[in-house]
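Undergrad: There's a structure below that I have some questions on.
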Amino acid sequence: MSVVGNVSEIDVARTFDVNENNQRTYTRVFQAITDSNADAQAYVANYVATNKSLTKGTTYATSTESDTLAVVLTYNSQCIEALDGGGHKWLVTFFYGPDEYSSNQNPINQPYEISYDGAAYTRGIDSDIYGYPVLNSAGLPYENFLEIDDSRPMISITRNEASFNDILADYYRDSVNADWFLGRQPNTVKVKKIGSRRQYDNSYGFYWTTNYIFETRSEGWNVVLLDQGYKQIVDGELVPILDSNGLEVTEAHSLDGAGGKLPQGGQHQYKSYDVYQRLPFSTFGF
């Protein structure tokens with residue numbers, strides 16, 4: 001079977017319509033002739049669609065006009081006449097309308113959602129806001145561990161993604177930013193949680209809605225501790241710290257930052273520790 005006659009458009013059969021939402025629809029009709037009694041409707045329709053470059057999703061365009069907001073949605077074929085010699089005359093109609101699955105409807109192309117919140121925590125302290133150690137009048141730490149509020153700003157970002165890399169999410173667990181992130185300096189943003197849920201779109205298929213939750217600390221995520229202990233380094237040897245009576249101290253004593261006992265009135269020293277892995281947050285692509 002083959003289409004032997006010229007495929008030609010029937011211009012007078014064109015239609016146009018527009019609805020209240022300014023969505024426009026068009027129809028175009030083409031005539032085709034086949035030379036067989038065993039003509040298949042689908043074959044004729046697909047032949048004309050391919051021959052005239054009018055497959056599904058093709059933008060409406062003729063020699064005199066075009067409309068980028070209307071694409072081929074469906075088409076059909078209808079046998080209208082049996083011809084002498086066994087052939088048939090066909091009409092193939094193309095229906096245009098608003099793209100039912102434009103890029104704006106693709107879930108992956110939707111803008112991500114971002115929200116800001118806060119979380120309440122407490123933390124132990126060994127120094128005040130000026131950096132002075134919290135000690136009793138005898139210069140020793142308090143017996144009971146002191147805690148204060150440690151509220152933290154939180155950033156939540158939800159984004160649709162084509163896939164979810166759970167290995168990457170695990171790798172970034174509790175990591176802090178090694179680079180600038182969302183306008184914040186390195187080491188001030190920490191991953192709290194990365195979770196995702198698989199969803200399905202009738203046109204796109206499966207995709208993942210992933211939620212990123214970050215906590216921020218403007219002072220950074222290093223753990224800072226007062227340099228103190230029960231022993232000191234003397235002539236390269238670790239020896240007990242003695243009190244004024246020559247007895248080993250029973251409370252931790254401040255050190256000088258080099259392992260020695262801090263002299264009376266000396267400047268208290270603090271040790272800063274990197275306890276969270278630093279990774280580039282540019283990987284997230286926000």
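Undergrad: Would you order SER203, SER156 from fewest to most other beta-carbon atoms within 10 Å of each residue's own beta-carbon?
TA: Lowest count first: SER203, SER156.
Undergrad: What does the charge add up to near GLU9, with Lys and Arg as +1, Asp and Glu as -1, over the other residues with Cβ less than 13 Å from its Cβ? Could the numbers behind the result be given before it?
TA: On the way: positive: ARG14, ARG28, LYS52; negative: ASP11.
Within the 13 Å Cβ shell, the charges total +2.
Undergrad: What does the net charge come to around THR93 if you take all other residues with beta carbon closer than 13 Å to its beta carbon, with K and R at +1 and D and E at -1?
TA: With Lys, Arg at +1 and Asp, Glu at -1, the neighbours total +2.
Undergrad: Treat the count of other C-beta atoms within 10 Å as a stand-in for reagent exposure and order ASP174, ASP11 from fewest to most.
TA: Ranking ASP174, ASP11 by Cβ neighbours within 10 Å, fewest first, gives ASP11, ASP174.
Undergrad: Taking the structure as given and computing Cα Rg over 2.2 N^0.38 Å, which label from (1) 1.10; (2) 1.00; (3) 1.98 fits?
TA: (3)
Undergrad: With only alpha-carbon pairs counted, each pair once and no self-pairs, how large is the Kirkwood hydrodynamic radius of segment 8-97 in angstroms?
TA: Mean inverse Cα-Cα distance, inverted, gives 13.8 Å.
Undergrad: By a straight-distance test (C-alpha under 30 Å), which lysines pair with LYS261 as possible cross-link partners, with residues fewer than eight away in the same chain excluded?
TA: Straight-distance partners of LYS261: LYS231, LYS271.
Undergrad: Continuing with the same structure: Given R₀ = 25 Å, FRET efficiency for GLN78-VAL18 by Cβ-Cβ distance, to 0.05?
TA: According to the calculation, E is roughly 0.45.
Undergrad: For the chain, set up a Gaussian network in which alpha carbons nearer than 10 Å are linked by springs, and say which option among GLN185, GLN232, GLN110 fluctuates the most.
TA: Most flexible of the set in this elastic network: GLN232.
Undergrad: For segment 135-205 and segment 64-131, what is the centre-to-centre distance using only Cα atoms, to the nearest Å?
TA: Here the two parts' Cα centres lie 33 Å apart.
Undergrad: Moving on. In nm, to one decimal, how far is the MET154 label point from the TYR200 one, both placed 7 Å along Cα→Cβ?
TA: My value for the distance between the label points is 3.2 nm.
Undergrad: Using θ = phi - 60° and the Karplus curve 6.51 cos²θ - 1.76 cosθ + 1.60, what whole-Hz ³J(HN,Hα) does each residue of segment 117-122 get, with Gly and Pro shown as x?
TA: Per residue, the Karplus-derived 3J(HN,Hα) values read 8, x, 10, 9, 9, 10 Hz.
Undergrad: How many percent of Cα pairs in segment 225-273 exceed 13 Å?
TA: Working: 628 of 1176 pairs.
Tail fraction, whole percent: 53.
Undergrad: Quick one: order VAL92, VAL134, VAL275, VAL12 by neighbouring beta-carbon count within 10 Å, fewest to most.
TA: Details: VAL92 26, VAL134 13, VAL275 10, VAL12 6.
Result, fewest neighbours first: VAL12, VAL275, VAL134, VAL92.
Undergrad: When all alpha-carbon pairs of segment 107-221 are counted, what percent fall beyond 25 Å?
TA: Tail fraction, whole percent: 42.
We did not get these values from a lab; they are worked out from the coordinates using the rules stated. Bear in mind the structure is a predicted one, so any value in this text is a computation, not a measurement. Reconstructed Cβ throughout: ideal geometry from the backbone, glycine too, with neighbour counts over all protein chains shown.
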